[in-house]
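Engineer: Have a look at this one.
Where a number appears in this text, it was derived from the coordinates with a stated rule and is not lab data. As the structure is a prediction and not an experimental result, all values here were calculated from the model. Note that we place each Cβ from the backbone using ideal geometry, even for glycine, and neighbour counts take in every protein chain shown.
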Ligand code: GLP
């Protein structure tokens, strides 16, 4: 594992964006695994800026997002599809047909999970997966559980995650209680993983995930089993390691 510590959130964002840019420059038809949340916003802004200045071309890139709330339509402002369009896709040139996100409105959850695993396989697997981390160690929406998850599945969100994500909704009851997410095995099958962490509230879970036991109770601890993980964090998030 590589650890890159930066002074600020902006510097963390630039470093992680540089790793992604290097991937796309070296392999223009890369499949990028993408994340939502507050943490990647700065990364996405850098990629947009570098695309606009002519430094990165995404015309052959394919993207697969980690997760999506079940029950939200793509034009719901809280859906991850909406988030991705607003914060990244509207500013870069990944062709629309190359952008993949689980369908929150799918009628048959099992069929949607199988379809999404097939999408990832047809993209040739994930070259680089960008991750944030939940306060309870979740990656994507893989919540603490008795066993590590495998492929895409539909999951019940924990109270901790609903609490954390309620800041984006008008009221807590509006937060969907279920979501689609790539499994931990899917994430570990990415060739390269970059996890970003910012702020003091992530310090404890970063220590547990990267230096504690490898346990499904801390889903991100599975990353210790991967051969190419880069943790990019600001001083506050890395303060306990
Ligand atoms: C959500 C997402 C995760 C993300 C996490 C942390 O639950 N499903 O993919 O990593 O939030 O978000 P933030 O970066 O806002 O702390």
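Engineer: Please find, among 172, 178, the residue that is surrounded by fewer than 17 Cβ atoms within 10 Å (Cβ to Cβ) and either touching a strand residue (DSSP E or B) at 6+ places or on another chain (Cβ under 8 Å) or at positive phi (or both).
Structural biologist: Details: 172 fails: either touching a strand residue (DSSP E or B) at 6+ places or on another chain (Cβ under 8 Å) or at positive phi (or both).
The unique qualifying residue is 178.
Engineer: Regarding the range 128-147, can at least one residue be identified that is surrounded by 14 or more Cβ atoms within 10 Å (Cβ to Cβ), closer than 30 Å to residue 29 by Cβ and more than 10 Å from the ligand (Cβ to nearest atom)?
Structural biologist: yes
Engineer: Residues in the range 178-209 that are within 13 Å of the ligand (Cβ to nearest atom) and farther than 30 Å from residue 31 by Cβ: how many?
Structural biologist: Here the count works out to 3.
Engineer: From the list 120, 206, 162, 214, which one is farther than 26 Å from residue 82 by Cα and surrounded by 15 or more Cβ atoms within 10 Å (Cβ to Cβ)? Steps first, answer last, please.
Structural biologist: Numbers: 120 fails: farther than 26 Å from residue 82 by Cα; 162 fails: farther than 26 Å from residue 82 by Cα; 214 fails: surrounded by 15 or more Cβ atoms within 10 Å (Cβ to Cβ).
The conditions single out 206.
Engineer: Could you check how many residues of the range 47-56 are in a loop (DSSP other than H, G, I, E, B) and surrounded by 14 or more Cβ atoms within 10 Å (Cβ to Cβ)?
Structural biologist: Here is the first cut: in the range 47-56, the ones in a loop (DSSP other than H, G, I, E, B) are 53-56.
Checking the rest, the ones that are also surrounded by 14 or more Cβ atoms within 10 Å (Cβ to Cβ) come to 56.
Matching residues across the range 47-56 total 1.
Engineer: Search the range 9-46 for residues being assigned to a loop (DSSP other than H, G, I, E, B) and within 16 Å of the ligand (Cβ to nearest atom), and hand back the single one that is farthest from residue 131 (Cα to Cα). Please lay out each step first, then the result.
Structural biologist: Of the residues in the range 9-46, the ones assigned to a loop (DSSP other than H, G, I, E, B) are 27-30, 35-40.
Of the ones still in play, those that are also within 16 Å of the ligand (Cβ to nearest atom) are 35-40.
Numbers: 35: 6, 36: 8, 37: 10, 38: 11, 39: 9, 40: 8 Å.
If we take residues in the range 9-46 being assigned to a loop (DSSP other than H, G, I, E, B) and within 16 Å of the ligand (Cβ to nearest atom), then 38 is farthest from residue 131 (Cα to Cα).
Engineer: If you don't mind, there's one more thing I want to ask. Take the residues in the range 150-159 that are over 18 Å from residue 205 (Cβ atoms) and touching a helix residue (DSSP H, G or I) at 6+ places or on another chain (Cβ under 9 Å), then tell me which one is surrounded by the most Cβ atoms within 10 Å (Cβ to Cβ).
Structural biologist: Step one: filter the range 150-159 for residues over 18 Å from residue 205 (Cβ atoms), giving 150-156.
If we keep only those that are touching a helix residue (DSSP H, G or I) at 6+ places or on another chain (Cβ under 9 Å) as well, we get 150-154.
Details: 150: 13, 151: 17, 152: 27, 153: 19, 154: 16.
Here the answer is 152.
Engineer: Check off (1) within 16 Å of the ligand (Cβ to nearest atom); (2) touching a residue at least 12 places away in the same chain (Cβ under 8 Å) for residue 82 and give me the number that stays unchecked.
Structural biologist: In the conditions (1) within 16 Å of the ligand (Cβ to nearest atom); (2) touching a residue at least 12 places away in the same chain (Cβ under 8 Å), residue 82 misses (2) alone.
Engineer: Return the residues of the range 167-177 that are within 14 Å of the ligand (Cβ to nearest atom) and farther than 27 Å from residue 238 by Cβ; say none if nothing qualifies.
Structural biologist: Step one: filter the range 167-177 for residues within 14 Å of the ligand (Cβ to nearest atom), giving 167-169, 175-177.
Of everything in the range 167-177, those that are within 14 Å of the ligand (Cβ to nearest atom) and farther than 27 Å from residue 238 by Cβ turn out to be 169, 175, 176, 177.
Engineer: Scan (1) more than 17 Å from residue 34 (Cβ to Cβ); (2) in contact (Cβ under 8 Å) with a residue 60 or more places away in the chain for the single condition residue 159 breaks and write down its number.
Structural biologist: (2)
Engineer: Another question, if that's okay. Under 20 Å from residue 185 (Cβ atoms) and either part of a helix (DSSP H, G or I) or within 16 Å of the ligand (Cβ to nearest atom) (or both), is that true of residue 118? Outline the logic, then answer.
Structural biologist: On the way: under 20 Å from residue 185 (Cβ atoms): yes; either part of a helix (DSSP H, G or I) or within 16 Å of the ligand (Cβ to nearest atom) (or both): yes.
So residue 118 passes the test.
Engineer: On to the next question. Can residue 75 be described as part of a loop (DSSP other than H, G, I, E, B), surrounded by fewer than 23 Cβ atoms within 10 Å (Cβ to Cβ) and either away from the ligand (no atom under 16 Å from the Cβ) or free of Cβ contacts under 8 Å to residues at least 24 places away in the same chain (or both)?
Structural biologist: Values: part of a loop (DSSP other than H, G, I, E, B): yes; surrounded by fewer than 23 Cβ atoms within 10 Å (Cβ to Cβ): yes; either away from the ligand (no atom under 16 Å from the Cβ) or free of Cβ contacts under 8 Å to residues at least 24 places away in the same chain (or both): yes.
The answer is yes for residue 75.
Engineer: May I pose another question? Could you please give the count of residues in the range 85-104 that are touching a residue at least 12 places away in the same chain (Cβ under 8 Å) and over 22 Å from residue 122 (Cα atoms)?
Structural biologist: So the count comes out to 4.
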